[in-house]
Structure formats: structure tokens, C-alpha cells
1. At a 10 Å Cβ-Cβ cut-off, how would you order 128, 107, fewest neighbours first?
2. Measuring from label point to label point, each 7 Å out along Cα→Cβ, what is the residue 38 to residue 126 span in nm?
3. Kindly put 54, 137 in sequence by how many other C-beta atoms sit within 10 Å of each C-beta, fewest to most.
4. Assign one of three labels to segment 35-162, namely rounded, prolate or oblate, based on the Cα gyration tensor with a ≥ b ≥ c the square roots of its eigenvalues; rounded applies when a/c is under 1.5, prolate when it is not and a/b is larger than b/c, and oblate otherwise.
5. What's the FRET efficiency of residue 80 with residue 155 using the Cβ-Cβ distance as r and R₀ = 45 Å, to the nearest 0.05?
6. Arrange 124, 110, 58 by Cβ neighbour counts within 10 Å, fewest through most, would you?
7. Using the Cα gyration tensor of segment 65-107, with a ≥ b ≥ c the square roots of its eigenvalues, what is the shape: rounded (a/c below 1.5), prolate (a/b larger than b/c) or oblate (neither)?
8. Please give the length that would be gained between residue 147 and residue 54 if that part of the chain were fully extended, namely 0.36 nm times their separation in residues minus their C-alpha to C-alpha distance (nm, one decimal).
């Protein structure tokens, strides 16, 4: 008994399934690494949001600012001035610093580096990919900031926790 070749919509579905299977069989390691980074980054973002909720307390404006920062943390273009543009006024600056103990600029940097520390612990991917995923456009800038805040270069930090 011979099997009949698929026809019509069955043929289209069969062809799509074959292409999908082929895609996953030939997936490059970089795509797999990016997916692992995305998953780890989402997990880190959830942790930051829980922490931000506790930090903001009952101040909805500070909470909204923290949400904005965390949601855009991986963006290379996120700057403290973006937050100040959305929440103008010296009252906001004082409330933000009272709630977090940091300026907006320092909070952004600390959140990025804290997230990077978690990714360095969790993933065995190139450090430049981690730097990019937490919002650093330039690897060298990331390494300088990491060493200044953490006290170790990212590679030294990774070695120290293994």
C-alpha cells in the first residue's frame, strides 16, 4: 500500500512543518544563546520588579518611574534624562532618591550591573552578549562600569563564582 502525497492545505502544512523542523535542526549557537539570555533576562526583570514594588512603597510616581526603568533596562538609549522628562520636577527627584537611596542615573547603572551579575552567574555566554542585553552599547563601557561598581572585571567575577 503506497501513501498518497499530501494535497492542498495538507501539502502546505506538511511543507511548513518540514521547514520548521529544518530551521531547528540548523539553528546557530548564537540564536540559542540569545534565547537563553532572553529567558534569563525576563527572570531578572521579574526579580527587579518585585524589588521595585517594595522600594517604591505607596508612591505611585516612583513606582511608575521604576517600572519605566526596568521595562527599558536593556535599551541602549535609556538615560536618566528620559525618566526626568516623564516625571519632571525637583519633588520627583527627592522622592525617587528617598525611596531608592540613589539618583535615577545610579539606579539605572546599578540595575543594569545587578542584572549582568545574575546573567554572568547563570549563563555561559560571551560577556559582550550580556553587556548588550543589559543596555550597554559598548563592551568597554560595560567592563569599566562593572569593575568600578563590583570591584572585579566581568570575567574575574565569573571565575570567582565558579
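1. Working: 128 15, 107 23.
Starting with the residue having the fewest Cβ neighbours, the order is 128, 107.
2. 1.9
3. On the way: 54 8, 137 11.
Placing the least packed residue first, the sequence is 54, 137.
4. Working: a/c = 2.01, a/b = 1.80, b/c = 1.12.
Verdict is prolate for segment 35-162.
5. On the way: r = 28 Å, r/R0 = 0.63.
E between residue 80 and residue 155, to the nearest 0.05, is 0.95.
6. Details: 124 9, 110 15, 58 6.
Going from sparsest to densest Cβ surroundings: 58, 124, 110.
7. Numbers: a/c = 2.08, a/b = 1.51, b/c = 1.38.
The shape class here is prolate.
8. Values: separation 93, 0.36 × 93 = 33.48 nm, distance 2.79 nm.
My answer for the length gained is 30.7 nm.
The numbers here are math on the coordinates, done by the rules we state, and not lab data. None of the values given here were measured: they were computed from a predicted structure. For neighbour counting, all protein chains shown are included, and Cβ atoms are generated from backbone atoms with ideal geometry for every residue, glycine included.
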